[in-house]
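Report on the following structure.
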């Protein structure tokens, strides 16, 4: 049994992480922290933990935690993690950061989309924790940048095509749709029940911060700089992300050829489920699970591949992938504590 | 007061039409028909009409109706209308068809996406009833093909750009999202509450029948054949369509230039609301109304215009536009019986 | 055309009122006020008003308003109205208060459930504006206390039985369920989308402030003091209230006898719809309308009448009834500006 | 590892059961049956099982199953189970029936609410599988009648009070609210998405078949015949039941006294969570889990106890309790395969 701390446990990603860690056979959740609920019981914030957990929020003291636990999970607002993680801490403990601070290797790109970075030297030590792509690097680091929700779904949808010369890499459009948990637990008029319910909208059009994150990872595979168009939408449902990606082809390809590429690319991946030809993902089939479902289509009229990906944004898009990263770090089977049948209907 | 009949009044579009017609100052709904509920009270199918309407479903007899009423609205499954409308009927009565049978002028295109057409000679007499584009032709016909829901939203979103040479017309992608009323009142596992609720999916990927309808109208404006990619999605909400359209630019354009084009194009249109710069439509602001809201964005990184359109699929996307067409046909003010403030929150 | 002001136009009831007033043939909305959005456009708060209204929030100045308009509607938090309405104002203008301040005649009861009352002398001039019960008093007052949402539905459900000796008046239980608009537009974790969605709860059990309001009105009819049990629940939907009321019988009665009582009681009421025997109300059939639907049942096993009532909480439960009261005050037909077919599906 | 069969695996309860059994450490799901999908893959019906299960629906052959497996779970329409279970089968295999056929010991009561019973002699061997109440009998039977969803929640809410003389047992009203999964996967207009969404209704008022089931169990505890009033409501959400129960007191009692009774009654129960004083259950805190949450309130104005209970209807109200019964039958720890943290937000 290892000991873990969850720093920033009051949000939805933190809570989902604690749920998964409670059910993980090798883990003991010893500390949870929060800025706002210090000394309060966790089941006061999240009634689902009644009679299950006696955890109390404590103040965040990274020094102390680094002495006491084996892994620190950070679920903090963007810009905070890079100011609390230091090399000294990383010498003593592994850190899995669910925020954006260590996701983008190019500091200029990071700072143009986010804010000033608090620990640039650590950036090159951080590994982008999209397990299916970076497994080998993950096992050799002490600091993992756990990917964003939209990015996980988008990158897994597009990765297999990125090194193909017949793909028009300037043409990529990702039209993504997310449930409202993606917006977090903080109060805002846009996520007030009666405002978000029964309505759909696009938001942060042409300006969402997951754009450069997707681009950097896909560029790495492509071996060339990729610029793409990413549009997120808010959908009236609690969980789930569906990403519909459009990629123009420079030459005609059959659906079978495209399927072969994906089948080969993901043949050993437990958490990627390629749907049978003619079927496409729906978020209802992945909820509560770490799966990423992918469907493939070709529109021969416009010679375009349409890839549809679906994940549970709080699991594969956040907490589940964080656990998957932890499993890799400790040499456990990758699906340990994650091999749940998706719940349906929820 | 004119007399109208609604043929196919048991579905959602038919019901919404009857609601609007009941509140229309110049109209008397004298007959409703249905195949399955003959001799039953309408308020037995739709409890909202209790104490409001004593209408009884009767059998559809087009001959008889054409003698008795001034307009026949058809809300029938695709392929039926073209077999019940004849020139003789049109000599006696105006017909507004909410189905697809008369929407596509090119019979080969129609038959390749739908089924054999039942009255090809009438096709060239039918006018595509998208009022904002075809107002002048509408007033001079006796048979109007009321546009589809996705198509109304998509065409109004894209029309102002179609004759611009700097627009890459091969690049158009429309990613559309619809509420579940779009799927009608017929029972199907995919629209069973617990299957559709809390989930999003794409459907009929690269094969939805609204594709050729959008293409034909946009081609007419463009003066060249347009092929585009259209992907519909099912969203867990009752009403509303949001269409996110992507159009590549061949040269750089400012957002102000694009705004000017749309402002000019829609300057006299009561039912098109161009949102202030920086804002984008949300379906919650148009529900229960005949408005089409449009927002404009440019992604300068990929030199793409992103147009977002929103309508109430049952109003501007069906029944409301049918009433708007009727108003045009009878020379009434176009907004008669349609100038409602959208309901919120619903 | 009369001029009206809406004081407190930023909440849902205020907005619904403005929507109805905009569509009312005899009314001009000349002023809207708010504490927090002064000098802002109304369509900035409520996007449905884009291109429909140029209204700007102004500061609340009751003196000035009383000179300028014919009716002031107050949609204020409880406890505020009684401190801004004075006899001087009432000498110049009619006031329809959508809040609770003037609903309870017994000041001790009011102050034990709410707070200190700001204008006790006006209490006896105020008329409880449940139009179906108090029509005659309403036309003779200048200050109307518009009933609460739960109370409207509960009182209309129970009123016809209250003077019947065979009814056990100590046995009344009202189990009521409301959509989330009932909680208003103010941000709170309990109405955050992802907390309220997909869940139901009771709240303010045995302590909701609508209890004494229901009791006072029913006691008036009964001619004796009635104490009852009222439990509100929050349901994941935008609009609608369903109240399930249980009343024990002291002797056996047939369902026909009970129906006769309700039919007689409501025989001239346009906005009360008694459902056919064997049917019960559903909130979907009244949304967007001023109707109150009522269904009657007897459980012969326990000798209990079960009355089920349904309203749209924002219309008959707030803004619609306020308009109905205004119509009465000005001698207009009671349904003026209110005779809409309920929207479905919304 | 034992082998189990699920007969009637195509419905929601069957599916939830298979999900739980797949994750149960001691169980191998060897056979699933269905009348309508024979020879089809399970993941074709339920996409969540893609890559997880290769199960194929087979025909139901109870004789064969009784030779091959250790437990047969029946998830069949009411009236079917009593015609397929025989003493010969029970000699070879344990049966846990999720339907109603063996729940009511009094055959006259059963037949007056349901239909003719197919195997009356087995009725007295069947044990009502509400584990918290009947644990000792359960371990000694081969046929368990797994309780209904409403009944589980209602009985656990009321059981501790039933032997108290100061409780007015003629006064009990249960006002229950269920998510739509309770209505099953069969298509019906009332559970079509756009009909059930955004609306609440009561149904089967004074006539729901769970009434006699609740009465029989409570009567057993009370030592006298109990007749109560039960009203179910359909709520627009997928999962969850909330039961609000009203019980009049013959003498005054403090909330502390009532709490003591419940604390004592449930002190050893893992799956019953008594909420802290002043708090009441919400269905969001129990979803995906086998917990029953209970909150207690007293309305001193009417001297009534208000008990609020919440469960996940598919888990504690069906599949979870079936697994709990299996655990008891095999002498395993009662929470084996059931100790999940409730998922939130789902």
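Hey, could you check region C:317-346 for residues that are more than 19 Å from residue C:175 (Cβ to Cβ) and in contact with a strand residue (DSSP E or B) (Cβ under 8 Å, 6 or more places away or on another chain) and say which is surrounded by the fewest Cβ atoms within 10 Å (Cβ to Cβ)?
Among those residues, the one meeting the criterion is C:330.
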Item to check | Residue pairs meeting the criteria (Cβ under 8 Å; at least 6 apart or on separate chains; first within 7 Å of chain C (Cβ to nearest Cβ), in region D:272-283; second crowded, with 22+ Cβ neighbours inside 10 Å and modelled with pLDDT under 95) | outcome: none
Checklist outcome for this item: residue C:226: passes all of (1) within 10 Å of chain D (Cβ to nearest Cβ); (2) assigned to a loop (DSSP other than H, G, I, E, B) but (1)
Next on the checklist: Being within 8 Å of another protein chain (Cβ to nearest Cβ) and under 16 Å from residue B:344 (Cα atoms) is the requirement here; does residue C:286 meet it?
Outcome noted: yes
Checklist entry - Just to be sure, is residue D:118 assigned to a loop (DSSP other than H, G, I, E, B) and under 22 Å from residue D:27 (Cα atoms)? => result no
Checklist entry - Of the residues A:337, A:331, A:295, A:320, which is within 11 Å of the chain's Cα centre (by Cα) and modelled with pLDDT of 95 or more? => result A:320
Next on the checklist: One residue is enough: does region B:249-261 have a residue meeting the conditions under 17 Å from the mean Cα position of the chain (by Cα) and more than 8 Å from every other protein chain (Cβ to nearest Cβ)?
Outcome noted: no
Next on the checklist: When the residues of region D:296-334 are narrowed to those that are without any contact (Cβ under 8 Å) to a residue 12 or more places away in the chain and farther than 23 Å from residue D:263 by Cα, which ends up nearest to the other protein chains (Cβ to nearest Cβ)?
Outcome noted: D:301
Checklist entry - Could you list, in sequence order, the residues of region D:100-132 that are under 13 Å from the mean Cα position of the chain (by Cα) and either free of Cβ contacts under 8 Å to residues at least 40 places away in the same chain or closer than 23 Å to residue D:265 by Cβ (or both)? => result D:103, D:128, D:129, D:130, D:131, D:132
Next on the checklist: For the structure I just gave you, tell me whether residue C:234 is within 26 Å of residue D:189 (Cα to Cα) and within 11 Å of chain D (Cβ to nearest Cβ).
Outcome noted: yes
Checklist entry - Could you count how many residues in region A:121-139 are out of contact with any strand residue (DSSP E or B) (no Cβ under 8 Å at 6 or more places or on another chain) and in a loop (DSSP other than H, G, I, E, B)? => result 3
Checklist entry - How many residues are more than 10 Å from every other protein chain (Cβ to nearest Cβ), in contact with a strand residue (DSSP E or B) (Cβ under 8 Å, 6 or more places away or on another chain) and in a helix (DSSP H, G or I) when one looks only at region B:176-215? => result 2
Item to check | Subset of region B:102-123 that is out of contact with any helix residue (DSSP H, G or I) (no Cβ under 6 Å at 6 or more places or on another chain) and more than 15 Å from residue B:213 (Cα to Cα) - its residue that is surrounded by the most Cβ atoms within 10 Å (Cβ to Cβ) | outcome: B:122
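Residue-wise test of (1) within 24 Å of residue B:346 (Cα to Cα); (2) surrounded by 15 or more Cβ atoms within 10 Å (Cβ to Cβ); (3) modelled with pLDDT under 95.
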residue	(1), (2), (3)
C:2	no, yes, no
C:5	no, yes, no
C:11	yes, yes, no
C:25	yes, no, no
C:28	no, no, no
C:36	no, no, yes
C:45	yes, yes, no
C:50	yes, yes, no
C:57	yes, yes, no
Checklist entry - Only one residue in C:293, C:268, C:256 is crowded, with 24+ Cβ neighbours inside 10 Å, free of Cβ contacts under 8 Å to residues at least 40 places away in the same chain and more than 23 Å from residue D:170 (Cβ to Cβ). Which one? => result C:293
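Taking residue A:160 as the residue in question, decide whether it is touching a helix residue (DSSP H, G or I) at 6+ places or on another chain (Cβ under 8 Å) and within 15 Å of residue A:220 (Cα to Cα).
So residue A:160 fits the description; yes.
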Item to check | Index of the failed condition, residue A:156 passing every other in (1) outside any helix (DSSP H, G or I); (2) surrounded by 16 or more Cβ atoms within 10 Å (Cβ to Cβ) | outcome: (1)
Checklist entry - In region D:163-202, what residues are surrounded by fewer than 24 Cβ atoms within 10 Å (Cβ to Cβ) and closer than 30 Å to residue D:262 by Cβ? => result D:163, D:164, D:165, D:166, D:167, D:168, D:169, D:170, D:171
Checklist outcome for this item: If we ask which residues in region A:160-175 are in a loop (DSSP other than H, G, I, E, B), more than 11 Å from chain B (Cβ to nearest Cβ) and touching a strand residue (DSSP E or B) at 6+ places or on another chain (Cβ under 7 Å), their number turns out to be 1
Next on the checklist: Checking the structure you have, find out if any residue of region B:240-250 is farther than 21 Å from residue A:201 by Cβ and free of Cβ contacts under 8 Å to residues at least 12 places away in the same chain.
Outcome noted: no
Checklist entry - What single numbered condition from (1) in contact (Cβ under 8 Å) with a residue 60 or more places away in the chain; (2) more than 30 Å from residue B:174 (Cβ to Cβ); (3) crowded, with 22+ Cβ neighbours inside 10 Å fails to hold for residue A:138? => result (3)
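The values are calculated or read from the model by the stated rules, or taken from the named source; none is laboratory data. Only a predicted model underlies this, so the values are computations on that prediction, with no experimental measurement involved. Neighbour counts are summed over all protein chains in view; Cβ atoms, including those assigned to glycine, are modelled from backbone coordinates with ideal geometry.
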